[in-house]
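One structure is given below, encoded as structure tokens.
A short reminder: the numbers here are calculations on the coordinates, not readings from a lab. Bear in mind that the values here come from a model prediction, so they are computed numbers and not experimental data. Cβ atoms come from the backbone with ideal geometry, glycine included; neighbour counts cover every protein chain shown.
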Amino acid sequence: MFLRYKAASKSLGSIKRFNSTLRIAEEIQHALNTHQPVVALESTIITHGLPFPQNIQMAKQVESVIRENGAVPATIAFVEGKPCIGLNSSEIEMLAAAKNVNKVSRRDIAYSMARKLNGGTTISGTMILAEKAGIKVFSTGGLGGVHKKAETTFDISADLTELGRTKVAVVCAGPKSILDVAKTTEYLETQGCFVATMGPYGTNIPGFFAVDSGVKSPYNFETFGQAAEIVNSGINDMNLDSGYLLCIPPPMDVALDSDYINNIIAEAEKEAEQLGIFGKNLTPFLLSKVAKLTKGTSVDTNLQVVFNNARAGANIAVELAKIEK
Ligand code: PSU
Ligand code: MN
């Protein structure tokens, strides 16, 4: 499969052959062939991250934001087992409304394909498909990470190991405070993932809802061009087998007060523990509980953060395409 993929990236004829596994929308394939900027988008945020019907609104609007900023959007998901790079609007609506969609990280890919399941791809799953399609920039909302009490539960998101092994730059607003941000940062260092936050030297990693998680960012960048240069050095020049986490702090006017959101998160965590929720169900449970407890405020912030990251992702992809030309 890997050899076939390698061969596929060389000529158009064999790309077609690989397409029998990966379905790449024509517009996206054309953009990739002609070195136009493309930005990958995940679909777990549609299927498990946001409530219906805001998830449909988000999925469509985020594609418009990518286009307005000069790049081609590539929403990634499994449709009846087929790994798809680019969805049409009826597929987005189907995934957003369906109840029994699988949540697909690396370990869930083969099963989803063999059983012809619909699947929303997490950051981990999306990175894998983006890399196979030749997409280097991926924008999303919040990152999976090391859960609190991971020292006893071992609950560490597959997003982090993927960031250690797959050549894609993930643009996000940092880990939500449902996670242990300090441990997440340590884990990413062990994995060899480059982590930087947009802002002057010394700007901390954002905490998704909060501008500042209190955890020092290993690196900073001040322009989209600088971010693109780093990604270009690592992927194109050095061909390192690892990822890049580019954190964009949420805009001040949409960020939530840390104490307010942390109290709500603590309540959601308590309930998850009482109900014995664990594994792949934990993050979706916490997100929907937080949405309920904030009466939708967290969802509004979530949407604005996703669009803000999409703008950044598109701009980074545009700058990277300039360097690659
Ligand atoms: N964090 C969010 N919103 C999300 C997710 C995480 O704030 O929608 C989703 C992403 O798809 C991420 C996944 O990759 O949850 C991580 O799930 P887990 O914690 O089970 O690895
Ligand atoms: Mn987990």
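Please name which of Val72, Tyr244, Ile261 has its Cα lying farthest along the dipole of the chain towards the positive end, using unit charges on Cβ (Lys, Arg +1; Asp, Glu -1) and the Cα centre as origin.
Selected residue: Val72.
For Lys167, list the aspartates and glutamates whose Cα falls under 14 Å from its own Cα; do not include residues on the same chain fewer than 8 positions away.
Within the straight-line cut-off, Lys167 pairs with Glu131, Asp159, Asp237, Asp241.
Could you run the Karplus curve 6.51 cos²θ - 1.76 cosθ + 1.60 with θ = phi - 60° over the range 236-249 and give me ³J(HN,Hα) per residue in whole Hz, x for Gly and Pro?
Computed from phi, the couplings for the range 236-249 are 7, 7, 9, 6, 5, 8, 8, x, 9, 10, 10, 9, 10, x Hz.
Under unit Cβ charges (Lys, Arg +1; Asp, Glu -1), what dipole magnitude, rounded to 20 debye, does the range 150-244 have relative to its Cα centre?
100
Using DSSP to define loop residues, name the GluC sites (Glu not before Pro) in the range 54-84 whose beta-carbon has at most 14 other beta-carbon atoms within 10 Å. Could you put the intermediate results ahead of the total?
Details: sites: Glu63, Glu68, Glu80; in loops: Glu80.
Counting only loop positions with at most 14 other Cβ atoms within 10 Å, the GluC sites (Glu not before Pro) in the range 54-84 are Glu80.
What is the dipole size for the range 71-228, taken about its Cα centre, with +1 at each Lys and Arg Cβ and -1 at each Asp and Glu Cβ, in debye to the nearest 20?
That gives a dipole near 400 debye.
Give me a comma-separated list of calculated 3J(HN,Hα) values for the range 281-288, in order, Karplus coefficients 6.51, -1.76, 1.60 applied at θ = phi - 60°, integers in Hz, x for any Gly or Pro.
Per-residue couplings from phi come out as 7, 5, 4, x, 4, 4, 5, 6 Hz.
Past the 17 angstrom mark, what percentage of all C-alpha to C-alpha distances in the range 208-255 do you count? Provide the component values of the computation, followed by the final result.
Values: 530 of 1128 pairs.
Roughly 47 percent, rounded to a whole number.
Whole-Hz Karplus ³J(HN,Hα) for the range 217-223, in order, using 6.51 cos²θ - 1.76 cosθ + 1.60 and θ = phi - 60°, x for Gly and Pro?
7, x, 9, 9, 9, 10, 9
For the chain, what are the per-bin percents of Cα-Cα distances with bins 20 Å wide, up to the bin holding the maximum?
Once binned at 20 Å, the Cα pair distances of the chain give 35, 60, 5.
Per DSSP helix of 4 or more residues, -39500 (n - 2.57); summed, then divided by the residues of the chain. What does that give at 222 nm, rounded to the nearest 500? Kindly include the intermediate steps, with their values, before the conclusion.
Values: 14 runs with 150 residues, N = 325.
Computed ellipticity for the chain at 222 nm equals -14000 deg cm²/dmol.
Check which residues have an amide H placed less than 5 Å from Asp180's amide H, if you skip close sequence neighbours.
When sequence neighbours closer than 5 places are left aside, the close amide H contacts are Val146, His147, Lys148.
Give the Cα extents of the range 100-156 along the principal axes, in whole Å, largest first.
Principal-axis extents of the Cα atoms in the range 100-156, largest first: 35, 29, 17 Å.
Amide H of Ile24: which non-local residues (sequence gap of 5 or more, or other chain) have their own amide H closer than 5 Å, using H built in the peptide plane?
Amide H neighbours of Ile24: Ile85.
Assign one of three labels to the range 30-124, namely rounded, prolate or oblate, based on the Cα gyration tensor with a ≥ b ≥ c the square roots of its eigenvalues; rounded applies when a/c is under 1.5, prolate when it is not and a/b is larger than b/c, and oblate otherwise.
oblate
Hey, can you grab everything whose amide H is under 5 Å from the amide H of Arg165? Only 5+ residues off in sequence or another chain; H modelled, so Pro and N-termini drop out.
Residues meeting the amide H criterion: Gly243.
In the range 107-147, what trypsin sites (Lys or Arg not before Pro) fall in a loop by DSSP, with at most 14 other Cβ atoms inside 10 Å?
Qualifying residues, ordered by number: Arg115, Lys116.
Could you check what % of the DSSP bridge pairs in the range 137-252 are antiparallel, to the nearest 5?
Given both bridge residues lie in the range 137-252, the antiparallel proportion sits at roughly 15 percent.
How big is the dipole moment of the range 112-171 about its Cα centre under a simple scheme where the beta carbon of each Lys and Arg is +1, that of each Asp and Glu is -1, and everything else is neutral? Debye, nearest 20, please.
Working: 8 positive and 5 negative charges, 44 e Å.
Dipole about the Cα centre, nearest 20: 200 debye.
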